[in-house]
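Each value in this text was obtained by applying a stated rule to the coordinates, not by laboratory testing. For clarity, every value in this text was computed on a predicted model and none was experimentally measured. Here the Cβ positions follow ideal geometry from the backbone for every residue, glycine too, while neighbour counts run over all protein chains shown.
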Amino acid sequence: MPKKTPEEIQAQREAWLARKAARAAGQDVPLQTTSAEPTSTSAEAVAEVSPEPEASPQPVVEVAAPEPVAVQETAPTLPPQAPATKRTPEEVRAQREAFLAAKAAKAAGVAAPPPAPKPAEAAPVPDPAPRLVEAAPPALKPRASEVAAPKPAPAKAEAAEEKVDPNITRREFLNYAWLASIALLTVQGIGMGLWFAFPNFKEGQFGGAFPIGDAAGALPEVNSGPKAYVDGKFWLINIDSEVNGEARKGVLAIYKVCTHLGCLYEWVPMTNRFECPCHGSKFQLSGDYIAGPARRSLDRFVIQAIAPDGSVKETDANGNPLEITGDERLVIDTGRRILGAPVLVPA
Ligand code: FES
C-alpha cells in the first residue's frame, strides 16, 4: 500500500466524520473515496481505515481506529427512514428490534425478513406534546403529615350550650352570666345592710330584750348597791334620792361601759360610787357624772314594766328612773340605749 500524505489522511478523516454525521441524522450515505484515490472501492477504503493494526503499517492507523465501516458492511440493510423527522421512542425500539433480528438471521445464514411496514399512525408527525405527557410524573402518595387530620369532635360544653339555646352566642351567654353575678352581689349587699340596720337578737341575748322577771325578786334594795347582770352588760339600780337638786326615784338599767374611752368601770362600796380604773372617771349611783375625763353621764337602757293587766310602761327618752309598783314584770331592752346627760363645762 502506498504511503498517504497528511492531506489525504485529513481528507479521509473529514469524509468519515461527514458519513458519521449523516448516519446520526438517519441518512443512508454510501462510502466515498477520497480525491487522492479516485479508483479505490469502498472495501479498500474501509480496509484503509480498518482498526486492524497489521493491515496498516503506518502509525496513522490510529486515525482510522474508531472507523465503524466494518459494522456497516456486516450490518443488514435497514429499512428506509424518514430523513428529517424525529422518531418516537416506540419507533426507535421497533427499529432496533428489527436490526437485531436481521443481524441474528444473517449470522445464522438465513435471509433477513422484509422490514415490517410502518403503521399509518407511525407516520412522522412532529409533536413535542407526547413527550411532555409521557414525562409527567406519576401521582405521588401523600405523606402522612400532608394527610388532613380528622376534624375533632366539638367539646361537650359547646354542645350543651348549643342544646340550651342555639340562638344565644357564647359572648351573649357570658354577658348574661356577668350581669347575673352583679345582680346577685347587689342583692346580697342590700340584705347585709338591712340586717345591720334592723338587728334581730334573740331574747336574753345582749342587743335584744333581756327579761329579768318580777320586779319584787329582781330589784335590789332601794339606795343599796347596784345589781350586776353580766350577760346583759348592765347594772340594775333601785334608787330614791335627790341628785343635783332633782328627785331620782325609780329603777335604772345602766350600761357597764365607761363613757370616756370604753373601759369597764366598777362599783366601789366604800365610796358608794362608780369608778373607772382606766382614767379615774367617777359617777354617782344614779349614773350621773361626778368627776374625771368622761364628758357625759353613764348610758342607760330602756326598761319595760309589764303590769299584771298587760299594760306596759317604759323609761322616758331622757333616761330618768322608771317608777314601778312592784308587781310588774321587768324587761330590759339592751337594743335601745339612751346616752347620758352631757357634762356642763363652766365657762
Ligand atoms: Fe373610763 Fe377613761 S375609760 S375614765
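Work through the residues other than residue 211 whose Cβ is under 14 Å from its Cβ and net out their charges, Lys, Arg +1 and Asp, Glu -1. Mind dumping the intermediate values first?
Values: positive: 202, 329; negative: 203, 214, 231, 314, 328, 333.
Combined, the nearby Lys, Arg, Asp and Glu give -4.
Full extension from residue 178 to residue 317: what is 0.36 nm times the residue separation minus their Cα-Cα distance, to one decimal in nm?
Details: separation 139, 0.36 × 139 = 50.04 nm, distance 4.92 nm.
So the extension gain works out to 45.1 nm.
Considering only Cα-Cα distances, which of the following residue pairs are longer than 30 Å: 3/106; 3/103; 4/86; 202/313; 4/106? Before the final figure, lay out each step's value.
Details: 3/106 36 Å; 3/103 36 Å; 4/86 40 Å; 202/313 22 Å; 4/106 35 Å.
3/106; 3/103; 4/86; 4/106, as the Cα separations exceed 30 Å there.
About the Cα centre of the stretch 289-347, how large is the charge dipole given +1 on each Lys and Arg Cβ and -1 on each Asp and Glu Cβ? Please answer in debye to the nearest 20. Show your work: numbers first, answer last.
On the way: 7 positive and 8 negative charges, 87 e Å.
It comes to approximately 420 debye.
Rank the residues 3, 256, 227 as a footprinting-exposure proxy: fewest other Cβ atoms within 10 Å of their Cβ go first.
Details: 3 8, 256 20, 227 16.
Placing the least packed residue first, the sequence is 3, 227, 256.
Sorting 178, 267 on the 10 Å Cβ count, fewest up front, what's the list?
On the way: 178 10, 267 18.
In order of increasing Cβ crowding within 10 Å: 178, 267.
Taking neighbour Cβ counts within 10 Å as the exposure measure, how do 230, 268 sort from fewest upward? Present the calculation step by step, with values, prior to reporting the outcome.
On the way: 230 8, 268 12.
Listed from fewest to most nearby Cβ atoms, that is 230, 268.
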